[in-house]
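The values are calculated or read from the model by the stated rules, or taken from the named source; none is laboratory data. It should be emphasised that the depicted structure is a prediction, and the values quoted were computed from it without experimental measurement. Using ideal geometry, Cβ is built from the backbone for each residue, glycine included, and neighbour counts are taken over all protein chains shown. Side chains are part of the model used for accessible areas, which takes the heavy atoms of the whole protein and leaves out ligands, DNA and RNA. Shrake-Rupley method; radii C 1.70, N 1.55, O 1.52, S 1.80 Å.
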Amino acid sequence: MKTKSFWIGSLCFLILIGIFVYLQLTKLPTSTVLVNNLSCHVLNQLSLIYSDISLKTTRAFQYKANKLQPITTRYTSYGEGFLPWHTQKYYLNKVNTYRQNEGLVPFQNFYNYYEDKDIVILCFIGGLENIYVLNKQTQELSPLNYIAEDNLGTMYVFHIKRLNDSYILLGGEANAYASMIYEMDATSLTIRNKMYFKTSTLAISKQNCTLTAEGDAYFVQEKGLLLFCQKNKQLDEIPLSFSPQFVFSQENSTVAIAFTRDTLNYSLLDKAHEVIRTDKLPLPHPHSELLRGFLRNDKLYILYYNSYHPFYSNYICIYNLQTNTFDYCLALEAYKNLALLDIY
Amino acid sequence: MLRIKQPSLKYKVYFYFLFFLSLYMLCIFGVRKSGYTVPHAMRQDLLTVLSNQTFNEADYALIYEQTGLAAPIVNELKKHSAFEQKLLEFQENFFKKVKLADRPLNLVTKEDYLLNEKGLAYAHFEIAPYKNGDIFLTKSTHTLGWRHGHCGLVVDEKRGKTLEAFSPGTISSENDANRWRYYPTFKMLRVINITSEQKQEVVNYALTHLNGIPYGILASKEQGQTPQKTHCSLLIWQSFYYTLGIDLDSNKGYFVSPENIAKSSLLETLQFIGFSAKKEW
């Protein structure tokens, strides 16, 4: 009788524990739509990545039709973002197997990566010798082809763009306020061109520079932007009325932005590098800080972090720069002990 | 005759279980108590001192106990236009009340962090200007009651990167220096009486010989110029020893820990927070 009671009690206890764990695992971040002026009133698919400080525990969610849904795939970090863990592991194993066969030390993780329908480019901190290309058809991994003089030194590869039959790689030189831009043949993986030039002390990370669809590069600097034009391989300066902190590009436009306590100041540039608008837009809450930004379909997406608001830790905002309107704001409360670090 | 009954096996098991549990709880309590040291001095108004054109020894000492910044850093910051504002911000962070928590890094090791009002980890201080070759150190990691800490070497002062060997199962790698702002305790150390060129030599060696090698907690100091394994404090030791012959292990033992590095007389503290001003560790 006693044994029977013990087993029934234990079973009930385990069931309760299981229900508690299930509820914890399936708990969603609490979100509120504060602004919604989108024409369709529905935010297109957006992925949110939460992580702890060590970047080891991650949770991913999809925001679709104004609802958050958990993504069951576990994500893991690389230098500049997050990837499904099996993809990151596969690419890293590919490179480390290659390196092992060449008698080289393995890598812990890649700094940046690029993927299109044909290839995957994996960039590790270092020079051209630390960049590998995976052919998606054959799954064959290859290093780049270059002569020693082309290798300008150790860099952090910030951006990669496909440009006709070549790829443009933009890197920030390690331990220097300088940048390297390489043009790589898409078929032979040969370095065709290289450029090296000094940049501002403000342009130190990925979001302080950008590559346009034409392969032009912009870098933030005091009271303007430094422009490297791919066509004529010349440097130029674009003066602005403010000192930008971040710069983003998409197909036809580039935006340089800076923040004050309450406002987002921006200048919108066209393909011809002309400033077509300089204006201001509101922040979702004073003292909001940019974590991630990008242009998509002519709209500026910004993931903010805010430590001042009593409830909301993050905001995902969409600005329409053509009409100078604040179109959408999703406010998110703190989620367990994880921070919202990326959206895409 | 009185016969003393021997305790049964069951009671012996209970006794030893309770004994080791108590010992473990004491270690946890000790670890938690030493997780953050509040400033020993009362907060004072710094504006009068900061507005001086030059500082004397007493001024530097006051600034140090009020902000955690040593004279070389104060002189570096004095070149900037918003010097007074900057120092007051450092003071504000230095005296801010904190709430400590910890989270597991693996089965046995935990890492402390600070909680804001929303229960999230946050970066509670600004790192003062640093140079290549500077050493970042924290005592905010512990394993089974031993507060061993962690350290890293600044290898890119412009883009903010440190070289670190984190934990078993990892390979040493470059990391974002801003990550150190999340540790409750922090010290920036610099080897005294060496030139910038020598520090760069140390960094170059570390990046070519100590980057991308496996973590080994029992890794020996006697591995020569091309070590096969390292750990956080050994990486620091190897960097300076194999380039400049500088031995940063304060007790010259077989094993070098972050505490051994912190107590080295060859280092000066440039910035600290969460540590005692009067003790190296």
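Structure notes:
- Set the Cα radius of gyration of chain B against 2.2 N^0.38 Å, with N its number of residues, and you get 1.16.
- Fully extending the segment from A:Ser47 to A:Thr73, taken as 0.36 nm per residue of separation minus the present Cα-Cα distance, adds 8.2 nm.
- Pairs of Cα atoms in segment B:181-281 fall into 5 Å distance bins, from 0 up to the last occupied one, in shares of 2, 13, 23, 23, 21, 14, 5, 0 percent.
- Amide proton proximity set for A:Leu163, modelled H, under 5 Å, gap of 5+: A:Ile168
- Convex hull volume of the Cα atoms of segment B:102-170, normalised per residue: 113 Å³.
- For segment A:93-200, the Kirkwood hydrodynamic radius comes to 14.1 Å, computed from all pairs of different C-alpha atoms.
- Top of A:Val33, A:Val133, A:Val105 by mean-square fluctuation, Gaussian network on chain A, Cα under 10 Å: A:Val105
- Tensor-based shape of segment B:124-238 (alpha-carbon gyration tensor, a/c under 1.5 rounded, otherwise prolate or oblate): oblate
- Taking only protein heavy atoms and a 1.4 Å probe, the accessible area of segment B:101-273 is 52% carbon and sulfur.
- Spin-label pair A:Asn96/B:Leu218, simplified geometry with 7 Å Cα→Cβ offset, distance in nm: 2.2 nm
- Where A meets B: accessible area buried, both sides, 1.4 Å probe, Å²: 2200 Å²
- Plainly put, segment A:180-303 has a radius of gyration that is 0.99 times its Kirkwood radius, both from alpha-carbon atoms, as the Rg/Rh ratio.
- Mean-position separation - Cα centroids, segment A:114-155 and segment B:106-159, in angstrom: 33 Å
- Residues along segment A:176-190 losing 10 Å² or more of accessible surface when the other protein chains are present rather than the chain by itself (probe 1.4 Å): A:Ala176, A:Tyr177
- When the solvent-accessible area of segment B:47-95 is split by element, carbon and sulfur atoms take up 51 percent of it, the probe being 1.4 Å.
- Choice from A:Gly79, A:Gly18, A:Gly224 showing the highest fluctuation, given a GNM over chain A with Cα pairs closer than 10 Å: A:Gly18
- log10 of Debye I(q)/I(0), alpha-carbon scatterers only, for segment A:53-154 at 0.24 Å⁻¹: -1.36
- Excluding same-chain neighbours fewer than eight residues apart, the aspartates and glutamates reachable from A:Lys94 by a Cα-Cα span under 14 Å are A:Glu102, A:Glu140.
- Coil-residue GluC sites (Glu not before Pro) of segment A:85-179, DSSP, other Cβ within 10 Å capped at 13: A:Glu102, A:Glu140
- Solvent-accessible area per residue in chain A equals 47 Å², computed with a 1.4 angstrom probe and all protein chains kept.
- Across the alpha-carbon set of chain A, the Rg to Rh ratio works out to 1.04, Rh being the Kirkwood radius.
- In segment B:164-178, the residues that give up 10 Å² or more of accessible area when the other protein chains are added, compared with the chain on its own (1.4 Å probe), are B:Ser167, B:Thr170, B:Ile171, B:Ser173, B:Glu174.
- With N as its number of residues, segment A:3-112 has a Cα radius of gyration that, divided by 2.2 N^0.38 Å, comes to 1.61.
- Between A:His285 and B:Gln200, the distance separating the two model label sites (each 7 Å from Cα on the Cα→Cβ line) works out to 4.6 nm.
- Pairs from the list A:Lys56/A:Lys198; B:Lys97/B:Lys278; A:Lys67/A:Lys299; B:Lys139/B:Lys229 with a Cα-Cα gap above 24 Å: A:Lys56/A:Lys198.
- Neighbour cut-off at most 16 other Cβ (10 Å), DSSP loop, GluC sites (Glu not before Pro), segment B:128-229: B:Glu222
- Fully extending the segment from A:Phe20 to A:Lys64, taken as 0.36 nm per residue of separation minus the present Cα-Cα distance, adds 13.2 nm.
- Threshold 50 Å², segment A:95-126 residues less accessible with all protein chains present than alone (1.4 Å probe): A:Gln108
- Distance violations [Cα-Cα > 20 Å] among A:Lys233/B:Lys158; B:Lys78/B:Lys263; B:Lys78/B:Lys131; A:Lys117/A:Lys271: A:Lys233/B:Lys158; B:Lys78/B:Lys263; A:Lys117/A:Lys271
- When the GluC sites (Glu not before Pro) in segment B:83-143 are filtered for DSSP coil states and for at most 15 other beta-carbon atoms within 10 Å of their beta-carbon, the remaining sites are B:Glu117, B:Glu126.
- Accessible surface area normalised per residue over segment B:140-281 is 38 Å², counting heavy atoms of protein chains with a 1.4 Å rolling probe.
- Scaled against 2.2 N^0.38 Å for its residue count N, the alpha carbon radius of gyration of segment B:47-95 is 0.99.
- The protein assembly as shown, Rg to Rh (Cα coordinates; Rh as Kirkwood inverse mean 1/r): 0.99
- Rounded to the nearest 0.05, the FRET efficiency derived from the C-beta distance between A:Ser39 and B:Gln53 at R0 = 51 Å is 0.25.
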